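**Student:** Here it is, the structure in full.
The values are calculated or read from the model by the stated rules, or taken from the named source; none is laboratory data. Computed from a predicted structure; not experimentally measured. In this analysis, Cβ positions are derived from the backbone assuming ideal geometry, glycine residues included, and neighbour counts consider all displayed protein chains.
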């Protein structure tokens, strides 16, 4: 039973991550390989603050601020200056540099040894230490995310973000500043990734750089590509496939030491098939064209 | 009639090649002006200079467009009226003054529906839009309704209403041109630059486009059209000029010398 | 210091080989062929299998591995990239597809052969000592084998008719087709050449420090930086850039730690991207071509 809750919590964390990338890549059209940077920063900042006795909500807010101010600004600058493929490369570079920093800056992050003993969230003097109680928190946040994006999808702002993706020059010709919309989509992306990071850090109680590598960024991106973008079903589907695939293999009694590799093969195959045959993703409304 | 656009001594050269050569030009409101010339005569560069995508060598465009549509739902008008030389303005600022430009390949928001394209084409409201949105929601809602009414009205005029929920990439080439122009009308442009609008569309669409241009001319919009098809220009325009090697002949061209 | 230069020279040769391979694929097909790293390792593992498992001689194994590389390269182009070509896909999507192929290749290898590093010669490498500088036998190998290959490659591209056709396609695709160059054949050819270069480098590396399924990724990253640094259309530039990068990498390993190698490489990439593409913003591209 606990195991089921464990999976569910992970699923929720990844759903939020998928939504965070969705707003940036699906709506904003910015292909980003650095989502794990936001995720990781959220996790590390939250961890450090929680260990220093601050409460969860406070830690979350500060983490969001720091994430947006540092990482968000960098990515915004990259988005302003670079187009398409070069932007993607730059985000790749950013991701790898980030990894180098968290791995080597031992004073701050403890490097490869990671940070241990991160406390569970304490909100209003209730400690959410058991898995079920943590499930409550994560469910709260995931519902918050889904509802937020459901309503966000209907606003003019989200349409303008999509318009910027479609034709920046035309947006300019109509008198509006595309950079504003880019910034909003990046900021939203950062905010929700931070939430994911905070939940992750608090739940697992131990974080180290190996969870925030380029592989992680790629996986998050594939979640969005497989599930599809442009609506709320896409990211949920993408995250579900990613989380449930290993469970499915386990169900088939796949030998464990082979499972990890086989899972990746299967996952990559699904990705390639989707790109080939249903480029807008399983449930997406939007296809990336050149 | 007042002058919408006044250009003095406009020049642009690239690495020794002169694209636009000391052009002196004026456009009045409520007129349709046509420019024709061969490829490479500098017409698109001329448009780029006017609309702000390129910087001229010598600086002297005067944009005398003061017909800014005040946003309906802000209590106080806070848009500045730009009184400087237009060459200092950015593309966006020129648009706010009422300048609109269509491109040779019609630009639309492909993944948005036709009506969403229009709804997004309104001029931006004043800068404090976030505060307005948060605290004066009723005002914003009323504005959105007015926006939608205007969009629907425009769609009907352009006879695109039946396709209002189709995504823009599904439209044909000609329909996309119409949509582009429709968006500029939504944007309340008072001087519209049309770059080869009649290229690549069939006769019926050409007729539609001509009627629309005439219709909006009567509503006070000025048009500046680049086109190869001289016969259309002859019908449509009040003034026609020829552009050759970057220079504009400031005289009306006789029909006898048409292609 | 001299040691550093020598080390840089010998490792730079390997980087140059991979970078030239990557560069020629990128400049001709505009595909960001991340699977390059996958082919790099696949060819080597196949050689390993032929040589050590099947037991045919060195030369035959070599030929076998090269043949295998050719088949693999053609197969990937035919299966994955060609269909995408027809649909004018966003280059980012092609990149992701390439990544998918890479993941599949690497994981298949890991499944079959395990995740550990394999080295070919178990004896400690013989080395020559000149004054106070050590040159290992493997480094000499790199130079003796690698340098001629690079020179040959250069000759092929610049002096032969085939090479000129390749350059034509990379310069102006439409014109090349109009003149009668068969695009698909050139694409296959370019993939074959590039992949052979990569596997050559891989074999040299495997004899030196060994190879594991993920070594392809690292060197491909460096090769990417070299290609962009040197200009994707310039062979000479790519070669110079490879040596420069090798030098920088060795320096950073010497003064910092080996963990900083990747971040530094990518930091350079970011700087180059931001600096070089400066002319591309502000709508300098003909608007109507965008």
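**Student:** Output the residues belonging to segment A:253-290 that are assigned to a loop (DSSP other than H, G, I, E, B), over 18 Å from residue A:18 (Cα atoms), more than 7 Å from chain C (Cβ to nearest Cβ) and at pLDDT below 80. So that I can check it myself, show each step before the final result.
**Tutor:** Keep residues of segment A:253-290 that are assigned to a loop (DSSP other than H, G, I, E, B), which gives A:253-255, A:278-288, A:290.
Imposing the further condition that a residue be over 18 Å from residue A:18 (Cα atoms) reduces the set to A:253-255, A:278, A:290.
Filter again for more than 7 Å from chain C (Cβ to nearest Cβ), leaving A:253-255, A:278.
Those that are assigned to a loop (DSSP other than H, G, I, E, B), over 18 Å from residue A:18 (Cα atoms), more than 7 Å from chain C (Cβ to nearest Cβ) and at pLDDT below 80: A:253, A:254, A:255.
**Student:** Just checking: which of the helices (runs of 4 or more DSSP H) contained wholly in segment A:70-138 hold 2 or more residues that are under 24 Å from residue A:208 (Cβ atoms), within 18 Å of the chain's Cα centre (by Cα) and touching a residue at least 24 places away in the same chain (Cβ under 8 Å)? Give the steps one after another, and end with the answer.
**Tutor:** On the way: elements: A:73-81, A:84-104, A:106-109.
Passing ranges, in order: A:84-104.
Residues checked against (1) buried (at least 20 other Cβ atoms within 10 Å of the Cβ); (2) at positive phi; (3) more than 11 Å from every other protein chain (Cβ to nearest Cβ):
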residue	(1), (2), (3)
A:148	no, no, yes
A:151	no, no, yes
A:155	no, no, no
A:174	yes, no, no
A:186	yes, no, yes
A:200	yes, no, yes
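**Student:** So which of A:150, A:156, A:77 is out of contact with any helix residue (DSSP H, G or I) (no Cβ under 8 Å at 6 or more places or on another chain) and closer than 26 Å to residue A:234 by Cα?
**Tutor:** Numbers: A:156 fails: out of contact with any helix residue (DSSP H, G or I) (no Cβ under 8 Å at 6 or more places or on another chain); A:77 fails: closer than 26 Å to residue A:234 by Cα.
A:150 is the lone residue from the list that is out of contact with any helix residue (DSSP H, G or I) (no Cβ under 8 Å at 6 or more places or on another chain) and closer than 26 Å to residue A:234 by Cα.
**Student:** Would you check if residue B:29 is surrounded by fewer than 21 Cβ atoms within 10 Å (Cβ to Cβ) and closer than 21 Å to residue B:227 by Cα? If you could, list the steps in order and put the result at the bottom.
**Tutor:** Working: surrounded by fewer than 21 Cβ atoms within 10 Å (Cβ to Cβ): yes; closer than 21 Å to residue B:227 by Cα: yes.
Against the criterion (surrounded by fewer than 21 Cβ atoms within 10 Å (Cβ to Cβ) and closer than 21 Å to residue B:227 by Cα), residue B:29 qualifies.
**Student:** Let me ask something else. Can you tell me which residue is farthest from the chain's Cα centre (by Cα) among those in segment B:155-169 that are part of a helix (DSSP H, G or I) and closer than 13 Å to residue B:116 by Cβ? Show your work before the answer.
**Tutor:** Filtering segment B:155-169 for residues part of a helix (DSSP H, G or I) gives B:155-157, B:161-163, B:168-169.
Retained after the next criterion (residues that are closer than 13 Å to residue B:116 by Cβ): B:155, B:163, B:168-169.
Working: B:155: 17, B:163: 23, B:168: 19, B:169: 21 Å.
Among residues in segment B:155-169 that are part of a helix (DSSP H, G or I) and closer than 13 Å to residue B:116 by Cβ, the one farthest from the chain's Cα centre (by Cα) is B:163.
**Student:** Another question, if that's okay. Using the structure shown, decide if residue C:43 is surrounded by fewer than 23 Cβ atoms within 10 Å (Cβ to Cβ), more than 11 Å from chain A (Cβ to nearest Cβ) and assigned to a helix (DSSP H, G or I).
**Tutor:** Values: surrounded by fewer than 23 Cβ atoms within 10 Å (Cβ to Cβ): no; more than 11 Å from chain A (Cβ to nearest Cβ): yes; assigned to a helix (DSSP H, G or I): yes.
Judged against the criteria, residue C:43 is not a match.
**Student:** What do you reckon, is residue B:218 surrounded by fewer than 19 Cβ atoms within 10 Å (Cβ to Cβ) and in contact (Cβ under 8 Å) with a residue 24 or more places away in the chain? Spell out the reasoning first.
**Tutor:** Working: surrounded by fewer than 19 Cβ atoms within 10 Å (Cβ to Cβ): yes; in contact (Cβ under 8 Å) with a residue 24 or more places away in the chain: yes.
Against the criterion (surrounded by fewer than 19 Cβ atoms within 10 Å (Cβ to Cβ) and in contact (Cβ under 8 Å) with a residue 24 or more places away in the chain), residue B:218 qualifies.
**Student:** If you scan segment A:42-56, which residues turn out to be surrounded by fewer than 24 Cβ atoms within 10 Å (Cβ to Cβ) and either within 12 Å of the chain's Cα centre (by Cα) or not in a helix (DSSP H, G or I) (or both)?
**Tutor:** Answer for segment A:42-56, where residues must be surrounded by fewer than 24 Cβ atoms within 10 Å (Cβ to Cβ) and either within 12 Å of the chain's Cα centre (by Cα) or not in a helix (DSSP H, G or I) (or both): A:52, A:53, A:54, A:55.
**Student:** Moving on. Taking segment C:245-272 as the region of interest, how many residues are farther than 20 Å from residue A:77 by Cβ and in contact (Cβ under 8 Å) with a residue 24 or more places away in the chain?
**Tutor:** Qualifying residue count, segment C:245-272: 9.
**Student:** Here's a follow-up. Here are some conditions: (1) away from every other protein chain (no Cβ under 14 Å); (2) assigned to a helix (DSSP H, G or I). Residue C:181 meets all but one. Which one does it not meet?
**Tutor:** Tallying (1) away from every other protein chain (no Cβ under 14 Å); (2) assigned to a helix (DSSP H, G or I), residue C:181 fails exactly one: (2).
**Student:** Please tell me if residue A:163 is touching a residue at least 12 places away in the same chain (Cβ under 8 Å), within 30 Å of residue A:97 (Cα to Cα) and touching a helix residue (DSSP H, G or I) at 6+ places or on another chain (Cβ under 9 Å). Write out each step before concluding.
**Tutor:** Values: touching a residue at least 12 places away in the same chain (Cβ under 8 Å): yes; within 30 Å of residue A:97 (Cα to Cα): no; touching a helix residue (DSSP H, G or I) at 6+ places or on another chain (Cβ under 9 Å): yes.
No, not satisfied.
**Student:** Being more than 8 Å from chain A (Cβ to nearest Cβ), out of contact with any helix residue (DSSP H, G or I) (no Cβ under 7 Å at 6 or more places or on another chain) and modelled with pLDDT under 85 is the filter here, so list the residues in segment C:88-114 that pass it.
**Tutor:** Correct list: C:112, C:114.
**Student:** I'd like the residue in segment B:194-215 that is under 17 Å from the mean Cα position of the chain (by Cα) and closer than 18 Å to residue B:38 by Cα and, out of all such residues, is surrounded by the most Cβ atoms within 10 Å (Cβ to Cβ). Working first, answer last.
**Tutor:** The initial filter retains those residues of segment B:194-215 that are under 17 Å from the mean Cα position of the chain (by Cα), namely B:194-199, B:209-215.
Now drop any that are not closer than 18 Å to residue B:38 by Cα, which leaves B:194-199.
On the way: B:194: 25, B:195: 23, B:196: 20, B:197: 28, B:198: 20, B:199: 15.
Restricting to residues being under 17 Å from the mean Cα position of the chain (by Cα) and closer than 18 Å to residue B:38 by Cα, the top hit is B:197.
**Student:** Take the residues in segment A:202-218 that are within 11 Å of the chain's Cα centre (by Cα) and crowded, with 21+ Cβ neighbours inside 10 Å, then tell me which one is farthest from residue A:149 (Cα to Cα). Even if it seems obvious, please write down each step before you answer.
**Tutor:** Filtering segment A:202-218 down to residues within 11 Å of the chain's Cα centre (by Cα) leaves A:212, A:216-218.
Remaining after also requiring crowded, with 21+ Cβ neighbours inside 10 Å: A:212, A:217-218.
On the way: A:212: 25, A:217: 21, A:218: 23 Å.
Residue satisfying both the conditions and the ranking: A:212.
**Student:** Hey, can you tell me all the residues within segment A:92-110 that are more than 8 Å from chain C (Cβ to nearest Cβ) and buried (at least 18 other Cβ atoms within 10 Å of the Cβ)? Even if it seems obvious, please write down each step before you answer.
**Tutor:** To start, the set of residues in segment A:92-110 that are more than 8 Å from chain C (Cβ to nearest Cβ) comprises A:95, A:98, A:102, A:105-110.
Residues satisfying the conditions are A:95, A:98, A:102, A:109, A:110.
**Student:** Scan segment C:212-219 and give yes if some residue there is touching a strand residue (DSSP E or B) at 6+ places or on another chain (Cβ under 8 Å) and over 14 Å from residue A:96 (Cα atoms), otherwise no.
**Tutor:** First, the residues of segment C:212-219 that are touching a strand residue (DSSP E or B) at 6+ places or on another chain (Cβ under 8 Å): C:212.
Among the residues that remain, those that are also over 14 Å from residue A:96 (Cα atoms) are: C:212.
The answer is yes; a qualifying residue exists.
**Student:** Counting just the residues of segment C:229-238 that are surrounded by fewer than 24 Cβ atoms within 10 Å (Cβ to Cβ) and either part of a helix (DSSP H, G or I) or within 14 Å of another protein chain (Cβ to nearest Cβ) (or both), which one comes out modelled with the lowest pLDDT? Reasoning before the result, please.
**Tutor:** So in segment C:229-238, the residues surrounded by fewer than 24 Cβ atoms within 10 Å (Cβ to Cβ) come out as C:229, C:231-237.
Subsequent filtering for residues that are either part of a helix (DSSP H, G or I) or within 14 Å of another protein chain (Cβ to nearest Cβ) (or both) retains C:229, C:231-232, C:235-237.
Numbers: C:229: 84, C:231: 77, C:232: 71, C:235: 80, C:236: 81, C:237: 83.
Here the residue is C:232.
**Student:** Another question, then. Taking the options C:189, C:162, C:204, C:193, name whichever one is touching a residue at least 24 places away in the same chain (Cβ under 8 Å), closer than 30 Å to residue C:141 by Cα and over 20 Å from the mean Cα position of the chain (by Cα).
**Tutor:** Values: C:189 fails: over 20 Å from the mean Cα position of the chain (by Cα); C:204 fails: over 20 Å from the mean Cα position of the chain (by Cα); C:193 fails: over 20 Å from the mean Cα position of the chain (by Cα).
Going through C:189, C:162, C:204, C:193 in turn, the sole match is C:162.
**Student:** Just to confirm my filter: which strands (runs of 3 or more DSSP E) fall fully inside segment B:180-250 and include at least 1 residues that are within 14 Å of another protein chain (Cβ to nearest Cβ) and touching a strand residue (DSSP E or B) at 6+ places or on another chain (Cβ under 9 Å)? Reasoning before the result, please.
**Tutor:** Numbers: elements: B:191-195, B:222-226, B:239-244, B:247-249.
Correct list: B:191-195, B:222-226.
**Student:** A further question on this structure: Looking at this structure, is residue A:211 closer than 29 Å to residue A:44 by Cβ, at pLDDT below 90 and within 14 Å of another protein chain (Cβ to nearest Cβ)? Give the steps one after another, and end with the answer.
**Tutor:** Working: closer than 29 Å to residue A:44 by Cβ: yes; at pLDDT below 90: yes; within 14 Å of another protein chain (Cβ to nearest Cβ): no.
For residue A:211, the condition - closer than 29 Å to residue A:44 by Cβ, at pLDDT below 90 and within 14 Å of another protein chain (Cβ to nearest Cβ) - is not met.
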